[in-house]
Each structure stands twice: as structure tokens, then as C-alpha cells.
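K.L.:
One structure, pasted below without further comment.
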Amino acid sequence: MADVVEIALDRAQVKKAVQALQAFLKSKSTGDSLFLDETRQISLLFTLWKIPKKPQTIRIPLPHGQRPDTEEVCLFTRDEPNMTSEQTQRFYKKLLQEKGVKNITEIIPYKVLKTEYKPHEAKRRLLGNFDMFLSDERVRRLLPSHLGKHFYLRKREPLCVNLQSKHLARDIHRVIQGTNLKVTNKGSCCVTSVSQSNAAFSHTNVRYLSMARVAHAGMTADEVTENIEAAFQTVVAKLRTKGPVIKIIHIKSQTSVALPIYNSDLTHLTVLEEEAQALLIKKEKAAARKLEKEAERELMKQTVATGEEEEKDGKIPQLVPIETPSKKPKLEQQLEKAPKAAQTKKTKKSPKRRTKKAGKTDSKVKRKVPKVK
């Protein structure tokens, strides 16, 4: 999550930009049909101060739907146990009718996707037949290997839906009529030319661009403005980057110029400069530590090399005696007392044993002497 930074859009400025963009689109339109207006997308272009470390996909619910009802939506489901592919399709069609879902036009089980859409041409045809793809969250991880790279290069990969939800119609409507903002650490960015003396400021001049579709040309100016405000608040709340993140926000269509609707304050720039200086100090300290370790390794190598040379020349290197730590005085006293105590015990016991032996020998001698008559 981003740190709490109070930023807000100027509603009047946003509405003026929307009206100017709609006037431009009307001037360029060739016909008055509503279908042409609905196909012209209006997007938000976010310019960030920092390149994020990890990729992120932000789901943005919109108060006004930005997709027409005529769009074709395909749903990938899992294979139900003890059912064929046709029975699985019927099962999920019945489930969607009971829940009140009317936006999905085709249901493709996972087994059908593996078998019928295995050739490359079939995958390309599938991509062109539908405007949007949804998938059951239980088979989401299995789809990339079977769909192919074209779905992901064109940013048409399936969006996850929980088909076991109690509010299935509401969830599917939010996914279809909402939008997504994909923030990745790979993409378009540009760095302004900065002198080497001001290297800390170069970190703040990195710009990263990401785009999200929020409306179409057939909507009113108030509806487009409300969608823009909702998308802005969601992105600010869910971005996983610390400090001030958003630098500039533009609104544009596929053929128009980008009109700015938000510019960050200079206070954000000072905060970013402080963060950049702290990062630069950390890098310098790490480089100094690395140099010290390398110098220590070189000294060790030199000492080893000099020792080997002296051994080859016949000179014995002088060894420095290592002083052993002195033992504890209590142990020394115990060791000194131990032999004295043993000697005293021996001297005390020896006379007793002699007397006993002497007594025994006298008695034996007396018994052995015969009596003289």
C-alpha cells in the first residue's frame, strides 16, 4: 500500500478536459451512430515518479459501466466431475440464468479448450471472436499454457470470477463493467538528462506510464468525470509503493492528444529528493564496505604468497608464540592439594596395616610352636 498522501482531483478541471475531448471526438466522427461512439475508448494515463519493484494488477470498480451490452464475453469453466463437456456447458448456462447473469455469450469448459483450441489458428480465431474473457478462479493457473502468448501480448487475458459466490451477478457485472490497471516493472519509461554531480536527483526524474480504460465516447461528461474520480481514488489507495507515487494524470482517446487533469505538488519532489539522497548514501556505504573486504582479501593473498616464497628459499618464517589463557586459580589450588591429600592418606594407613599383619603373624607363630613337656 502507498503511504497516506493527501491528493485530490479538481472536478472542474476534469470536466473541462472531458468536454474538450468529447468535442474533439465528435468533430472527427464520420457518422452519428451510437455504435461508433461506444467503440471509442477514453483512458487514463498515469505517469508515476518511481518504477515499482513488483508487478501489480489493480481492479477498479466504476460507478457507470464503460462497456456496451453488445460486447461478446466468453467464460472458461472447470470440468465438472461425472459430466461430459456438453453437460458441463448446460450446467453453467442454467446456473447463470438462475443467478440473473445475461452478459456472457459463450461457455467453454477446460477440456474443450485443451482439445478443440489446441492449434495456433484456432487460438487466434478465438481471440478475435470475443471482446472479453472471464475464467473460473479454480482453473486460472491452468489457462496460460493453453491460451498462448497472443492473449497476454494484447492484454486480453481472462479475468478471474468466483462462480461459487452468493452474489454472482453483482460480481460478474463489476468485473465486466469495471477496469484494470496493470502496473509492471517492465515497460515504457524515460529518464531526463542529468549531470553526474546531481546523481541523487536522477532517481526522481524516472517516469513510468500505465493506462486504464475508464469510459467511452457515448457517455455523458458527468458520467465520465465520476468514473475518472473513482479510478483515481482506487489507484491511489492500492498502489504498493511508498511515498508520493503519481506525478501526472492525463485523459486521452486512441486518436487524440493527452490532456492533463492532475499535476503533483513540488512538496512531493522534495520528499523524493530526500529518499533519493538516503538511497545514494546507502549505496556509497555498501560500496565502501565492499572495497574494504576486497583490500583485506588482497592482504591475505600477499601474506600467503610471501610465506610460500620464504619456504622455497629455505628460510623458516618466524612464528609468533600464542599465549594460552591462564587457568582459573580454583582449579590450580585443587590440583595442588590433590597429591598432598593422597600422600597423607597413604602415610596414615600404612602403620595400621603393618600392625595388623604383625599381629596376625605372631598369633600364627604362637600356634605353630609345640608345647614342651
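K.L.:
Among the listed residues ALA258, ALA217, which satisfies the condition of being among the small types (Gly, Ala, Ser), within 26 Å of PHE24 (Cβ to Cβ), in contact with a Leu (Cβ under 6 Å, 6 or more places away or on another chain) and at pLDDT 85 or above? Let's see the steps before the verdict.
P.N.:
Values: ALA217 fails: at pLDDT 85 or above.
Exactly one residue qualifies, and that residue is ALA258.
K.L.:
Still on this model: Need pairs with beta-carbon distance below 7 Å; first residue touching a residue at least 40 places away in the same chain (Cβ under 8 Å) and of a type in the set (S, T, N, Q) and within segment 84-99, second crowded, with 17+ Cβ neighbours inside 10 Å and assigned to a helix (DSSP H, G or I); sequence gap 6+ or separate chains.
P.N.:
none
K.L.:
What pairs can you find where one residue is in segment 13-29 and closer than 10 Å to ALA221 by Cβ, the other is among the small types (Gly, Ala, Ser) and outside any helix (DSSP H, G or I), and their Cβ atoms are less than 8 Å apart, with a gap of 6+ or different chains?
P.N.:
Cβ pairs passing all conditions: LEU21/SER253; LEU21/SER256; GLN22/ALA217.
K.L.:
Conditions: (1) within 30 Å of ILE246 (Cα to Cα); (2) assigned by TED's automatic domain parsing to the domain that holds LEU96. ALA169 meets all but one. Number of the miss?
P.N.:
Unmet condition: (1).
K.L.:
Based on what the data block shows, is VAL112 assigned to a loop (DSSP other than H, G, I, E, B) and surrounded by 14 or more Cβ atoms within 10 Å (Cβ to Cβ)?
P.N.:
Numbers: assigned to a loop (DSSP other than H, G, I, E, B): no; surrounded by 14 or more Cβ atoms within 10 Å (Cβ to Cβ): yes.
No: the conditions fail for VAL112.
K.L.:
A further question on this structure: Taking segment 47-87 only, how many residues are aliphatic (A, V, I, L, M), modelled with pLDDT under 85 and not in a loop (DSSP other than H, G, I, E, B)?
P.N.:
1
K.L.:
Now, a different point. Kindly establish whether THR184 is more than 27 Å from the chain's Cα centre (by Cα) and modelled with pLDDT of 70 or more.
P.N.:
Answer is no for this residue.
K.L.:
Can you find, within segment 201-214, the residue that is modelled with the highest pLDDT among those that are surrounded by fewer than 19 Cβ atoms within 10 Å (Cβ to Cβ) and assigned to a helix (DSSP H, G or I)?
P.N.:
Per the stated criteria, the residue is ASN205.
The values are calculated or read from the model by the stated rules, or taken from the named source; none is laboratory data. Quick caveat: nothing in here was measured; it's all calculated off a predicted structure. Cβ coordinates were reconstructed from backbone atoms using ideal geometry, including for glycine residues, and neighbour counts include every protein chain displayed.
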